Structure formats: C-alpha cells, structure tokens
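I have placed the structure first, in the form of structure tokens, so that the comments after it can refer back to it.
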Amino acid sequence: MRTQVLIAEDDPRQAEGVRRYLVAEGYEALVVPDGRAAIDTVRRERPDLLILDVMMPKVDGLDVCRVLRAEYDLPILVLTARSSEEDLLLGLDLGADDYLTKPYSPRELMARVRTLLRRTSRAVTVDHRVHAVAGFVVDPVRREVRRGDTVVVCTRGEFEVLATLAAEPGRVFTRRQLLQRTRGWESYPTDRTIDMHVLNLRRKLESDPARPRHLITVYGVGYKLSP
C-alpha cells in the first residue's frame, strides 16, 4: 500500500498544488477543505501524515492538532502564514511535529514530508535508560518526564530533545546534532524547531524560564542540560 498523506487546506489552489507534489513523489494524497473534515478523515482513514493549514474554517487548525494529538501518534506538519514566535510555539506545544511558514517552496515541503515519514518508519535513537537529572526524571521507555509524583506533559519533539540531553548531562549539543539524534535529519534547514522545543521545555521545567538554570544555551554552539 502506498503511503497516504492527508492535506487539510481550505484554499483549493494551494491544496491542489500540494496534492500534485505528493502524487509526483509517489504518495497517495487526500484533500479536505476544513478542520471538521480533517478530524473525521483522520479517524476514518488513519493516514500516515497530516499536512495541516492553521487558518481553517469550522475548526481551527490548532484545535484540530489538539484533538488529534490526544487520540493518535500521527505526524503533523503545520502550514502557517503566522511567523511570530508565540504562534509557532503554540503549534508545537499542541503537538505539531514541524511547521512551515508560507510562502514555501515545493522542494522544502517535500523534504519535510519525507523526513517526518522516515522518522516514524524507524526507531529514533534515544538512550532507553531512565535518567534523573536536575530534580526531574526522564523515562524513555514510558516516555514520561516526572518531577516527584507529578508528570510533566511534553510533546513528542520536546521529549526527544530532553531525553537526548539527559542521556549526557553537561555535554553541549549543536542544534543540528539534536536534529540528527532526535529526528534523523541529516541536512535540513529547521534548526529553529529545536529552539522552539527548548523554549517550551524551559516554560515547563525551569522555575524562571527567562533565567534557566538547567537547560542552558551555549551561545554560538547549542544547548546542554546542566545538573
């Protein structure tokens, strides 16, 4: 069976363009025009990937992401005309795996699709030992982050970044190394995604996110987890 990609886009011209790109790459592509149809189609068809426009009628794209993430471990690529940090953080916080701001090139869109699908088709290289670092516990087997008896809810991307850092406390990882370790992306212009995940993790784990004590930026290099 061919890999099936669902496109949720209310602009018929853009939806048809994305559909043609996917078909040319050998994927099966379905198109829906609104958020309600996106939710219903995912539940019925169980596609391998969802390409989701944020500005959708009936149900907003971010609400679609929130609903589906609670039900399925489905790769979601968000398309957005919004480029502010707050909007992008919100999309990732609700469970999107990646985002692409409009306008975008067909080549970049297809690269994002391929890497997200490749990521779900093979195991991500993450240390499966439980790590207790900086007052919280990272459990890769249960995919949980705990502080005492409290479970800290993290998106898939956030968890993978934290698990990678927790496996080697004190080691400085570049953004590209974190992409390679957590997503298998070898050469890809999405380093900013790592920044978004780290910002979200700081909000959830640091007592003062503006002055982090554990998720440390090493300027000009990347990030480390300091115990």
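Some notes on this structure:
- GNM result for the chain, Cα springs below 10 Å: residue of Thr174, Thr101, Thr150 fluctuating most strongly: Thr150
- Placing a label point 7 Å from the Cα of Glu16 along the Cα-to-Cβ direction, the residues of segment 27-42 whose backbone N falls under 20 Å of that point are 27-34.
- Exposure of Val218 as accessible area (Å², to 10), given a probe of 1.4 Å and all protein chains: 40 Å²
- About its Cα centre, the chain has a charge dipole of approximately 640 debye under the convention of +1 per Lys or Arg Cβ and -1 per Asp or Glu Cβ, with nothing else charged.
- Extension gain, Arg192 to Val172, is 5.5 nm, computed as 0.36 nm per intervening residue step minus the present C-alpha separation.
- Of the residues Val172, Ser105, Leu68, the one whose Cα sits farthest toward the positive end of the charge dipole of the chain, with +1 on the Cβ of Lys and Arg and -1 on the Cβ of Asp and Glu, is Val172.
- Each label was represented as a point 7 Å from its Cα along the Cα-to-Cβ direction; for Arg142 and Thr217 these points are 3.3 nm apart.
- Computed helical MRE - 222 nm, the chain, DSSP H runs ≥ 4 contributing -39500 (n - 2.57), nearest 500: -13000 deg cm²/dmol
- Global size of the chain as Cα Rg and Dmax, reported in angstrom: 17.7, 51
- With Cα atoms, 0 to 90° folded angle of helix 106-121 axis to the chain main axis: 60 degrees
- Label-point separation in nm, Asp63 to Arg107, each point 7 Å along Cα→Cβ: 3.9 nm
- Helix 12-24 vs. the chain, principal-axis angle (Cα, 0 to 90°, nearest 10): 80 degrees
The values are calculated or read from the model by the stated rules, or taken from the named source; none is laboratory data. No experiment lies behind these values; they were computed from the predicted model shown. Please note: Cβ atoms are built from the backbone with ideal geometry, for glycine as well, and neighbour counts cover all protein chains shown. SASA here: full protein model, heavy atoms, side chains in, ligands and nucleic acids out. Shrake-Rupley method; radii C 1.70, N 1.55, O 1.52, S 1.80 Å.
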